[in-house]
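S.K.: Quick one: the structure is below, and I'll ask about it shortly.
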There are 6 protein chains.
Amino acid sequence: MKLLVVNPNTSAPMTAQIAAAARAVAAPGTTIVATQPDFGAASIEGHYDDAFAAAGVAQQARLHGAQVDGVVIACFGDPGLDAAREACTAPVIGIAEAAFHAASFLATGFSVVTTMTRTCVIAEHLLHKYGFERRCRGVHGTDIPVLELEAAGPALVTRIEAAARHALQHDRSGAIVLGCAGMADLAAQLQQRLGVPVIDGVAAAVKFAEGLAALGLHTSKQGDYARPLPKAYAGWAASLGFAPSAVGSSS
Amino acid sequence: MKLLVVNPNTSAPMTAQIAAAARAVAAPGTTIVATQPDFGAASIEGHYDDAFAAAGVAQQARLHGAQVDGVVIACFGDPGLDAAREACTAPVIGIAEAAFHAASFLATGFSVVTTMTRTCVIAEHLLHKYGFERRCRGVHGTDIPVLELEAAGPALVTRIEAAARHALQHDRSGAIVLGCAGMADLAAQLQQRLGVPVIDGVAAAVKFAEGLAALGLHTSKQGDYARPLPKAYAGWAASLGFAPSAVGSSS
Amino acid sequence: MKLLVVNPNTSAPMTAQIAAAARAVAAPGTTIVATQPDFGAASIEGHYDDAFAAAGVAQQARLHGAQVDGVVIACFGDPGLDAAREACTAPVIGIAEAAFHAASFLATGFSVVTTMTRTCVIAEHLLHKYGFERRCRGVHGTDIPVLELEAAGPALVTRIEAAARHALQHDRSGAIVLGCAGMADLAAQLQQRLGVPVIDGVAAAVKFAEGLAALGLHTSKQGDYARPLPKAYAGWAASLGFAPSAVGSSS
Amino acid sequence: MKLLVVNPNTSAPMTAQIAAAARAVAAPGTTIVATQPDFGAASIEGHYDDAFAAAGVAQQARLHGAQVDGVVIACFGDPGLDAAREACTAPVIGIAEAAFHAASFLATGFSVVTTMTRTCVIAEHLLHKYGFERRCRGVHGTDIPVLELEAAGPALVTRIEAAARHALQHDRSGAIVLGCAGMADLAAQLQQRLGVPVIDGVAAAVKFAEGLAALGLHTSKQGDYARPLPKAYAGWAASLGFAPSAVGSSS
Amino acid sequence: MKLLVVNPNTSAPMTAQIAAAARAVAAPGTTIVATQPDFGAASIEGHYDDAFAAAGVAQQARLHGAQVDGVVIACFGDPGLDAAREACTAPVIGIAEAAFHAASFLATGFSVVTTMTRTCVIAEHLLHKYGFERRCRGVHGTDIPVLELEAAGPALVTRIEAAARHALQHDRSGAIVLGCAGMADLAAQLQQRLGVPVIDGVAAAVKFAEGLAALGLHTSKQGDYARPLPKAYAGWAASLGFAPSAVGSSS
Amino acid sequence: MKLLVVNPNTSAPMTAQIAAAARAVAAPGTTIVATQPDFGAASIEGHYDDAFAAAGVAQQARLHGAQVDGVVIACFGDPGLDAAREACTAPVIGIAEAAFHAASFLATGFSVVTTMTRTCVIAEHLLHKYGFERRCRGVHGTDIPVLELEAAGPALVTRIEAAARHALQHDRSGAIVLGCAGMADLAAQLQQRLGVPVIDGVAAAVKFAEGLAALGLHTSKQGDYARPLPKAYAGWAASLGFAPSAVGSSS
């Protein structure tokens, strides 16, 4: 089985880090292919960055989606999730949704600990869109910039741990969702320290994608996620259109 | 890895059928242990049957939960789900929730096709409790008794297919969730006929349980799912209490 | 008029205490029959205990429901409420829902003061299921074990009063709902001290059941609460099935 | 016990009819006092009529509320409900809310059959405000003018019955709520014909008011329903102000 | 263009103040006509006052609505909004809704700073009715009486500013809605001090009414806001009925 | 006053058509500047197209937003709305939200008539995100491709009119929202034929933007819409970053 892991930002070290996190949890027969858009922000820390990332995910899904058995979008805002689903037949999973789904199997209520406070609203919008607004009891910013996570030292870990402890107590939560792909490395360590499930979305998304693919389940090509209609695309997107071919085929 | 699949009703042939369905999708290293309560209704077709089933699931989770890596509750009403989570450290997954989660990865809207119309409200309550009330666009009864599914012939399949086609059209849905563990055998066949994802909760629950267990994620033992308090239990439940031992241990 | 009050736990002193509380508010012509299951936990302090209680309520409703004009389920988690409604033609009222309904007639917002913090989520799930999630402005645990309430001394009352005062202030609430059948004795006393309505669910449920019965209103036997279908029940539940007789009859 | 039943419209025959319906279900010791405002519309069939009715209810509650043990607002839009609660210490119940509460004790889903289609939105707003939007599965207008109900002949009853049958089937409901005080007479008859609970809000409100009053529960005078502040009122309302006296006293 | 601004309370100085605030923001060609009911409370600080105000707004809309191009209801509880819409063909805007709509164009979350804490629930009910319950992150009372705002000195402004700063911080909001028509004068000043958008509903309502009227958009006269039905009105409201004339005409 | 109207697709004739529609309703002193991205789909008919459009709107808002007093995003999916708000200090309005807001001032319930059925879900997600899910009673696809609207002949208008009539009847709605910028020309004509308010989002957005700008209200630069953080952007987006200058300045 081959999974495409798209890092929606343009930081190559982060792509490598995410790929490693994905490979660490992938099943024996699973190959991880990691990619990133050739345009957009070095890190996603707001709505503006997210808009470029969504287009970048659409691009990567169009270019590589037909060659894989599942796609993971490795940014906690799930940018371009619906676009990628429209472009692909393979299942597509965002790491925010994956983490929310996983947490809701393990606790009646969870808290999210994320990076910049200004991005909390993005998580809140997703929670609401997906239906987890009652399961999630709080979203907490740490104001740690995303790219500082690439080399998270003990001080940063302590800061995230403190935020998680505060969240568990204040929100009466039973699990922690880490709100950034850059935190993937920290989940095991934090879980051990906190004594509650700590969920990294990259790992969760890989396992859910493997599971769905193993069952022969694909993205619905009927209705809202049907293949994009054939039409002209301009500028750098010119080659990213879809031919008027049969439903379910890939380009 | 060992998974416990609890059939909450007391029909042994159905337990065998569910076990076979679980084994058919389990990963190579996964062992499926199937069990059923020693009391309660032969099939779950209403709230009354469900109450016995919830107690039966609690019993089975108490008796076997500490020996496995994951638990699947194989009745579409997810009876005893919260009770089993309290009783277990391993992840516990209900087949209704598993199917809802899987469907929401694959389509913006799905429909449920179930057995007796009188049980639709149970699915609706679950959808609402779990937060899928906006993703699910309709719950449809076929008024096929649960136990008739054990030997579903072509006529029954045709009836379920017709209900699914009606649901897809009427609800503008992109995927079908089969609303009964007894329909597990039919998913692949219906998916081929309908051309949209058809989700069987038993299969989905097995894959999700495998995935969570592989990641080292367990049911939160802090807060709402903490181990039951030590106390006296009467009657047939007398031996099902928990000792006042350390958090996280099993009995 | 005869009302069945089911204590879902197996503590006989608590059954007696609840019966006394019900009798204290019953109308002159009302007879209170109190009962408890012959199995399950001595107190309900979590989901696991609740699962046995639900089955116990189903059992008691099946055994006695046809002989009474109304049924009250006297545990704040309303265990087995839907099951009992399916099994009975008489109206069935849970004490949590009764208290929520009563409070919403008296204040725009109320707070719940209950026993163990770990059970708050059960109240929250009920509030949401019933539609009171906007009326209730907070659920507060006191971490007083249920069975300690049997002989609540001044210290316990002071502790509950303090929790109620905190809730009124913090939640900007106008009324207090007591979140345990074992607190029934304390309502009048607390109401006098706090100067706001303090609602005990046992009392509220008795009056609502009397009112509905007086109006000739019964549990709907059409649709979701129709009489259970005739089928085999195993083990200790073997005698609790329903015969395939006419709608509305009792066995 | 004395209950004030306020007919919010200015049709005296309808006040008499409502008073009779209330007396028919009142407990032996309950006295019904019926009243109506001295201004406003002869029937309430829209938002405009409702605004006068709300002021009329406030007036009547101010004039008579301190002399009674409970107040019933006998128009299905519950006009002036919050105002009357602010003005009174006795419990105040609207007939729409009473009917919704009663129905939700008896069925998992109910339908409303009302008069003019244009008033359906008023019921829908109330359902939503009160939290019954998930319990109510449909609101159906019959386009029967309110005042024609005063002398409802067999043809009208047949028309309402047909609307109710349609609603039960279409909405998959288990109970019918009659959406007008003028339909109070028809509940028993329709219940017999339809075989499901048929709820008249006047009757339900009387029993709930009796029950709350019997328990010594009053409208919260702390917070949102505190007694109106002393201030000047102009015009015909000049005498309806409140003195700056102690909390809980009546004028 | 002519706009009717109705002050729902009976304080003439406040009517003048509101008229001035409306004129200050009206477009060059817009004439502001300000009016107030001839009955009711001098200020609206609760549900009771609000009931008279709703009738007063209905009266004023009936008397003057046909002669104007738009109507503004200048009390933060939007009393009589639906009634005025039924009575008028011109667009009718409440200042609470106008402020909520404006704020939701400018920030993902806003906070309301209002007068008496006891009226917070009125704002909360409106937020919920209108669908802004997720956009509004908090409603905060200052316990400043409405009529003290007529001559708000520096001390009052400082108090409101402090409440706004607290709200922005505590609610993580990006904008402030002023919760009283009497605060209209303070918006610009507070916006400068706070550095975030501060929204006065009177100003917002005037601009929205101008905009809708300029587009030729009117209140729908089909369905829920159709002209009131012809019927008898009693007492002081006797002359406020509608003739059985053609749809869309004004009296 | 200068307003930027961004057509998110890359069809120049449609940009011209939208600009004309905006100019037709702009106030005398308002200048309309219309623009479109230099990349992306010729029409937005799904999630995939929408992802490019969001990035295109972000680009245009970055390039031109600092020179204007308000921004209108002229595609019914409101692509890039949050991104543009982050990038701009001027108010930013999407045409879908503008139309929903306008409709909710005019009717208790409205229906949306849009182009491709597959895009209905995009409108539904927006309705839910914005809080209009209860005001909107239905979203209806006509399966007219967006670009066919450029030269909408009588047949197309008749088809849209028929869909609108069906929606009004079926949904019990009082107003119609046209779900595509390409339908802007048709609003007046359809309003005349249907006799209910017909709302074009382009016109509504222009008036709301004019109104907010006239009041000196801007997008909040505190919290969730604060200016994007300074960072590297790659590829075609390289020049679209923000300098680390003072809050509120434009680049």
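S.K.: Considering only residues that are of a type in the set (S, T, N, Q) and more than 14 Å from chain A (Cβ to nearest Cβ), which ones fall in segment F:187-235?
M.R.: Passing the criteria: F:Q189, F:Q191, F:Q192.
S.K.: For segment E:158-176, give me each residue that is among the hydroxyl-bearing types (S, T, Y) and crowded, with 16+ Cβ neighbours inside 10 Å. If you could, list the steps in order and put the result at the bottom.
M.R.: Our first condition is that a residue be among the hydroxyl-bearing types (S, T, Y); within segment E:158-176, this holds for E:158, E:173.
E:S173, the sole residue that qualifies.
S.K.: I'd like the full set of residues that are outside any loop (DSSP other than H, G, I, E, B) and of a type in the set (S, T, Y), limited to segment A:11-31.
M.R.: If the condition is that a residue be outside any loop (DSSP other than H, G, I, E, B) and of a type in the set (S, T, Y), then A:T15, A:T31 are the ones that fit.
S.K.: How about segment D:42-54: which of its residues are without any contact (Cβ under 8 Å) to a residue 60 or more places away in the chain and touching a Gly at 6+ places or on another chain (Cβ under 8 Å)? If you could, list the steps in order and put the result at the bottom.
M.R.: Going through segment D:42-54, the residues without any contact (Cβ under 8 Å) to a residue 60 or more places away in the chain turn out to be D:48-49, D:51-54.
Within segment D:42-54, D:D49, D:A51, D:F52, D:A53, D:A54 qualify.
S.K.: Being within 10 Å of chain D (Cβ to nearest Cβ) and touching a Lys or Arg at 6+ places or on another chain (Cβ under 6 Å) is true for just one of E:A54, E:A42. Which residue is that? Step through it out loud before you land on a result.
M.R.: Numbers: E:A54 fails: touching a Lys or Arg at 6+ places or on another chain (Cβ under 6 Å).
Of E:A54, E:A42, the one residue that is within 10 Å of chain D (Cβ to nearest Cβ) and touching a Lys or Arg at 6+ places or on another chain (Cβ under 6 Å) is E:A42.
S.K.: Another question, then. Just the residues that are under 24 Å from C:E86 (Cβ atoms) and polar (S, T, N, Q), please, taken from segment D:160-207.
M.R.: D:Q169, D:S173, D:Q191, D:Q192
S.K.: Looking at this structure, is A:V139 within 14 Å of chain F (Cβ to nearest Cβ), farther than 25 Å from F:D49 by Cα, out of contact with any strand residue (DSSP E or B) (no Cβ under 7 Å at 6 or more places or on another chain) and of a type in the set (A, V, I, L, M)?
M.R.: Here the answer is no, as A:V139 does not meet what is asked.
S.K.: Please specify each residue of segment B:102-129 satisfying the condition of being charged (D, E, K, R) and at the interface with chain A (Cβ under 9 Å from one of its Cβ atoms). Step through it out loud before you land on a result.
M.R.: Initial filter on segment B:102-129 (charged (D, E, K, R)): B:118, B:124, B:129.
The one that is charged (D, E, K, R) and at the interface with chain A (Cβ under 9 Å from one of its Cβ atoms): B:K129.
S.K.: Can you tell me which residues in segment F:37-50 are under 27 Å from F:Q67 (Cα atoms), within 15 Å of the chain's Cα centre (by Cα) and either among the aliphatic types (A, V, I, L, M) or assigned to a loop (DSSP other than H, G, I, E, B) (or both)?
M.R.: The first filter runs over segment F:37-50 and keeps only residues under 27 Å from F:Q67 (Cα atoms), leaving F:37-44, F:50.
Filter once more, so that each one left must be within 15 Å of the chain's Cα centre (by Cα): F:37, F:43-44, F:50.
Result: F:P37, F:S43, F:I44.
S.K.: Which of the residues belonging to segment D:1-34 are over 17 Å from D:Q60 (Cβ atoms) and either without any contact (Cβ under 8 Å) to a residue 24 or more places away in the chain or over 13 Å from the mean Cα position of the chain (by Cα) (or both)? If you could, list the steps in order and put the result at the bottom.
M.R.: Just the residues of segment D:1-34 that are over 17 Å from D:Q60 (Cβ atoms), to begin with: D:1, D:13, D:17, D:20-21, D:23-30.
Within segment D:1-34, D:M1, D:P13, D:Q17, D:A20, D:R23, D:A24, D:V25, D:A26, D:A27, D:P28, D:G29, D:T30 qualify.
S.K.: Of the residues E:A237, E:A155, E:A226, which single one is out of contact with any Cys (no Cβ under 8 Å at 6 or more places or on another chain) and crowded, with 20+ Cβ neighbours inside 10 Å? Quick ask: steps written out before the conclusion?
M.R.: Values: E:A155 fails: crowded, with 20+ Cβ neighbours inside 10 Å; E:A226 fails: crowded, with 20+ Cβ neighbours inside 10 Å.
Matching residue, one of E:A237, E:A155, E:A226: E:A237.
S.K.: Another question, if that's okay. For the list (1) of a type outside the set (D, E, K, R); (2) more than 19 Å from D:G211 (Cβ to Cβ); (3) more than 11 Å from chain D (Cβ to nearest Cβ), I need the number of the one condition that C:A184 fails.
M.R.: Condition not satisfied by C:A184: (2).
S.K.: Assuming F:P37 fulfils every condition listed in (1) facing chain A (nearest Cβ under 7 Å); (2) free of Cβ contacts under 8 Å to residues at least 60 places away in the same chain; (3) not aromatic (F, W, Y) apart from one, which condition is it?
M.R.: The number of the failed condition is (1).
S.K.: Taking segment A:191-201 on its own, how many of its residues are surrounded by fewer than 20 Cβ atoms within 10 Å (Cβ to Cβ) and in contact (Cβ under 8 Å) with a residue 12 or more places away in the chain?
M.R.: 2
S.K.: Can I ask one more? Among the residues of segment A:1-34, how many are touching a His at 6+ places or on another chain (Cβ under 9 Å) and crowded, with 21+ Cβ neighbours inside 10 Å?
M.R.: 2
S.K.: Of the numbered conditions (1) assigned to a loop (DSSP other than H, G, I, E, B); (2) in contact with a helix residue (DSSP H, G or I) (Cβ under 8 Å, 6 or more places away or on another chain), D:A34 satisfies every one except a single condition; which is it?
M.R.: Evaluating D:A34 over (1) assigned to a loop (DSSP other than H, G, I, E, B); (2) in contact with a helix residue (DSSP H, G or I) (Cβ under 8 Å, 6 or more places away or on another chain) leaves (1) as the failure.
S.K.: One residue is enough: does segment E:220-237 have a residue meeting the conditions among the hydrophobic types (A, V, I, L, M, F, W, C), in contact (Cβ under 8 Å) with a residue 40 or more places away in the chain and closer than 30 Å to E:V157 by Cβ?
M.R.: no
S.K.: Let me ask something else. Out of A:G182, A:G248, which single residue is at pLDDT below 95 and not in a helix (DSSP H, G or I)?
M.R.: A:G248
S.K.: Conditions: (1) out of contact with any strand residue (DSSP E or B) (no Cβ under 7 Å at 6 or more places or on another chain); (2) more than 20 Å from F:D200 (Cβ to Cβ); (3) buried (at least 24 other Cβ atoms within 10 Å of the Cβ). F:T89 meets all but one. Number of the miss?
M.R.: (3)
S.K.: While we're looking at this one, here's another question. Under the condition of being surrounded by 24 or more Cβ atoms within 10 Å (Cβ to Cβ) and of a type in the set (A, V, I, L, M), which residue from segment D:50-67 is farthest from D:L3 (Cα to Cα)?
M.R.: D:A51
S.K.: Identify, from the list A:G195, A:G223, A:G141, A:G182, the residue that is farther than 27 Å from A:V33 by Cα and either polar (S, T, N, Q) or in contact with a helix residue (DSSP H, G or I) (Cβ under 6 Å, 6 or more places away or on another chain) (or both).
M.R.: It is A:G141.
S.K.: Looking for whichever is buried (at least 24 other Cβ atoms within 10 Å of the Cβ), touching a His at 6+ places or on another chain (Cβ under 9 Å) and either part of a helix (DSSP H, G or I) or not assigned by TED's automatic domain parsing to the domain that holds E:R85 (or both) here; the options are E:A204, E:A187. Which one fits?
M.R.: Every option except E:A204 fails the conditions.
S.K.: When you scan segment A:77-127, how many residues do you find that are under 19 Å from F:A51 (Cβ atoms), without any contact (Cβ under 8 Å) to a residue 40 or more places away in the chain and either in contact with a Pro (Cβ under 7 Å, 6 or more places away or on another chain) or small (G, A, S) (or both)?
M.R.: 1
S.K.: For B:D69, are the conditions met, namely being more than 14 Å from chain C (Cβ to nearest Cβ), touching a helix residue (DSSP H, G or I) at 6+ places or on another chain (Cβ under 9 Å) and among the charged types (D, E, K, R)? Talk me through it step by step, then tell me what you get.
M.R.: Numbers: more than 14 Å from chain C (Cβ to nearest Cβ): yes; touching a helix residue (DSSP H, G or I) at 6+ places or on another chain (Cβ under 9 Å): yes; among the charged types (D, E, K, R): yes.
Yes.
S.K.: Mind checking which pairs have a first residue in segment B:153-171 that is assigned by TED's automatic domain parsing to the domain that holds B:L194 and a second that is surrounded by fewer than 19 Cβ atoms within 10 Å (Cβ to Cβ) and part of a helix (DSSP H, G or I), Cβ under 8 Å, 6 or more apart or different chains?
M.R.: Taking only residues 6 or more apart or on different chains, the pairs are B:L156/B:E148; B:V157/B:Q189; B:E161/B:R193; B:E161/B:L194; B:A164/B:L194; B:R165/B:L194; B:L168/B:L194.
The values are calculated or read from the model by the stated rules, or taken from the named source; none is laboratory data. No experiment lies behind these values; they were computed from the predicted model shown. Glycine gets a Cβ as well: all are built from the backbone with ideal geometry, and neighbour counts include every protein chain shown.
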